[in-house]
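Engineer: Below is a structure I'd like to ask you about.
The values are calculated or read from the model by the stated rules, or taken from the named source; none is laboratory data. Small disclaimer: the values here were computed from a predicted structure and weren't measured. Here Cβ is always computed from backbone atoms with ideal geometry, including for glycine, and neighbour counts include all displayed protein chains.
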């Protein structure tokens, strides 16, 4: 089974006050932490979608396809469509946000294993039954993901198909915590 990964790195960071992906946690920028947690070696193909040249350069240096998102202002769906277009021939795609500084590769591996053992399920990382990110979607849902518009991501597909969702427990609730504001970063 061939699974791809798409790191969604196109947000404007309005609540943060700018591109938060270069902000550091324990001396490491959020984008580098995301790339370390979701290493390309685990996937048939891995990509980073971003409008930011510095993020794209880091992605390329890290072994990812660097996909320039010229439609980032449209919202998360533009990144989903762009990343998905580079993964169409695969059996599944993991979509990950890049602002979860404590996400671990071990949880990513568990998520991939659950997906590979499932029969076309959507697999999402969770904590105590509460769904979070990232999530892996099977190929039969690619057309639905490709039809998303606006600031809507894969969560809309998950909400429509709850019976296909398998939750995969993270090692800690900290893994699902994301950085939306500078205060989140300080905590």
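Engineer: Could you list all residues from region 20-49 that are modelled with pLDDT under 95, crowded, with 22+ Cβ neighbours inside 10 Å and touching a strand residue (DSSP E or B) at 6+ places or on another chain (Cβ under 7 Å)?
Structural biologist: Listed by number, the list holds a single entry, 21.
Engineer: Moving on to the next point. Quick one: would you say residue 140 is crowded, with 21+ Cβ neighbours inside 10 Å and either more than 11 Å from the chain's Cα centre (by Cα) or assigned to a loop (DSSP other than H, G, I, E, B) (or both)?
Structural biologist: Details: crowded, with 21+ Cβ neighbours inside 10 Å: no; either more than 11 Å from the chain's Cα centre (by Cα) or assigned to a loop (DSSP other than H, G, I, E, B) (or both): yes.
No; evaluated as a whole, the condition is false for this residue.
Engineer: For region 74-81, does any single residue satisfy the condition of being over 19 Å from residue 156 (Cβ atoms) and either in contact with a helix residue (DSSP H, G or I) (Cβ under 7 Å, 6 or more places away or on another chain) or in a loop (DSSP other than H, G, I, E, B) (or both)?
Structural biologist: Within region 74-81 (the criterion being over 19 Å from residue 156 (Cβ atoms) and either in contact with a helix residue (DSSP H, G or I) (Cβ under 7 Å, 6 or more places away or on another chain) or in a loop (DSSP other than H, G, I, E, B) (or both)), the answer is no, since none of the residues qualifies.
Engineer: If we scan region 35-47, do we find a residue that is in contact with a helix residue (DSSP H, G or I) (Cβ under 9 Å, 6 or more places away or on another chain) and over 17 Å from residue 94 (Cβ atoms)?
Structural biologist: So in region 35-47, the residues in contact with a helix residue (DSSP H, G or I) (Cβ under 9 Å, 6 or more places away or on another chain) come out as 35-39, 42-43, 46-47.
Among the residues that remain, those that are also over 17 Å from residue 94 (Cβ atoms) are: none.
No, region 35-47 contains no residue that is in contact with a helix residue (DSSP H, G or I) (Cβ under 9 Å, 6 or more places away or on another chain) and over 17 Å from residue 94 (Cβ atoms).
Engineer: Please go through region 57-66 and pick out each residue that is surrounded by 21 or more Cβ atoms within 10 Å (Cβ to Cβ) and free of Cβ contacts under 8 Å to residues at least 40 places away in the same chain. Write out each step before concluding.
Structural biologist: So the first thing to find is which residues in region 57-66 are surrounded by 21 or more Cβ atoms within 10 Å (Cβ to Cβ), and the list is 58-59, 64.
Across region 57-66, the qualifying residue is only 58.
Engineer: Let me ask something additional. If I go through region 151-179 residue by residue, how many of them are more than 16 Å from the chain's Cα centre (by Cα) and touching a residue at least 40 places away in the same chain (Cβ under 8 Å)?
Structural biologist: We begin by selecting, within region 151-179, every residue more than 16 Å from the chain's Cα centre (by Cα); these are 159-166, 169, 171-174.
Cutting the leftovers down to touching a residue at least 40 places away in the same chain (Cβ under 8 Å) gives us 164-166, 169, 171-174.
Result for region 151-179: 8.
Engineer: So, one more: Quick one: which residue in 112, 84, 148 is assigned to a loop (DSSP other than H, G, I, E, B), in contact with a helix residue (DSSP H, G or I) (Cβ under 9 Å, 6 or more places away or on another chain), under 25 Å from residue 10 (Cα atoms) and in contact (Cβ under 8 Å) with a residue 60 or more places away in the chain? Don't jump to the end; show me each part of the working.
Structural biologist: Numbers: 112 fails: assigned to a loop (DSSP other than H, G, I, E, B); 84 fails: assigned to a loop (DSSP other than H, G, I, E, B).
Being assigned to a loop (DSSP other than H, G, I, E, B), in contact with a helix residue (DSSP H, G or I) (Cβ under 9 Å, 6 or more places away or on another chain), under 25 Å from residue 10 (Cα atoms) and in contact (Cβ under 8 Å) with a residue 60 or more places away in the chain holds for just one of 112, 84, 148, which is 148.
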